[in-house]
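Notes follow once the structure below has been shown.
The values are calculated or read from the model by the stated rules, or taken from the named source; none is laboratory data. Not measured: the values here are computed from a predicted model. In this analysis, Cβ positions are derived from the backbone assuming ideal geometry, glycine residues included, and neighbour counts consider all displayed protein chains.
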Amino acid sequence: MDWTPVIEWFGYRSGFHDAEVVSIDLRRRPEPSRISLHAWHMTSEVDEKGCFRLERHALVTFTLTDIVEQLLEEWNHQNVLMGLVITEVPEGYRMELDSTFGVGGHFIARNISVSVEAWRKP
């Protein structure tokens, strides 16, 4: 798993705390599936309302090929993550979606790649 696009955008390998899952597009083999998140960098600065300033908003898309296992629960209107973890396993890679509110679960896929683009508010 190459995290270079994430590191180039945020300056570090994000854990995606508070990111929102905006879409999950599951496809049968041989087509790739995609999971897209709205993510950002939270600064230590606060605004006039006392909220931390957010910058570098991005649409982060994970592309999964050859999914061999998946479990999803609780899809809803917001889908906020506590975090996202990807680990190497014998079958390829395991992606854990740790839910705060909404969707959670895991995927095991032969390969996972990531891309990042500027967030464009829908």
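Every residue in region 50-64 that is of a type outside the set (A, V, I, L, M) and over 16 Å from the mean Cα position of the chain (by Cα), please.
Gly50, Cys51, Phe52, Arg53, Glu55 - these are the residues of region 50-64 that are of a type outside the set (A, V, I, L, M) and over 16 Å from the mean Cα position of the chain (by Cα).
Quick check on region 94-104. Is at least one of its residues more than 19 Å from Ile7 (Cβ to Cβ), in contact (Cβ under 8 Å) with a residue 40 or more places away in the chain, not in a strand (DSSP E or B) and not polar (S, T, N, Q)? Yes; the residues of region 94-104 include at least one that is more than 19 Å from Ile7 (Cβ to Cβ), in contact (Cβ under 8 Å) with a residue 40 or more places away in the chain, not in a strand (DSSP E or B) and not polar (S, T, N, Q). What's the number of the condition His57 fails, among (1) part of a loop (DSSP other than H, G, I, E, B); (2) at pLDDT below 95? Of everything listed in (1) part of a loop (DSSP other than H, G, I, E, B); (2) at pLDDT below 95, His57 misses just condition (1). Here region 65-93 is the region considered, the condition is being over 12 Å from the mean Cα position of the chain (by Cα), in contact (Cβ under 8 Å) with a residue 40 or more places away in the chain and outside any loop (DSSP other than H, G, I, E, B), and the residue that is farthest from Phe10 (Cα to Cα) is Val68. None of Glu20, Glu117 is under 16 Å from the mean Cα position of the chain (by Cα) and crowded, with 17+ Cβ neighbours inside 10 Å except Glu20.
Can you confirm whether Thr43 is part of a strand (DSSP E or B), free of Cβ contacts under 8 Å to residues at least 40 places away in the same chain and more than 16 Å from the chain's Cα centre (by Cα)?
So Thr43 fits the description; yes.
Name the residue that is nearest to Trp75 (Cα to Cα), counting only residues in region 1-34 that are of a type in the set (D, E, K, R) and in a strand (DSSP E or B). Result: Glu20.
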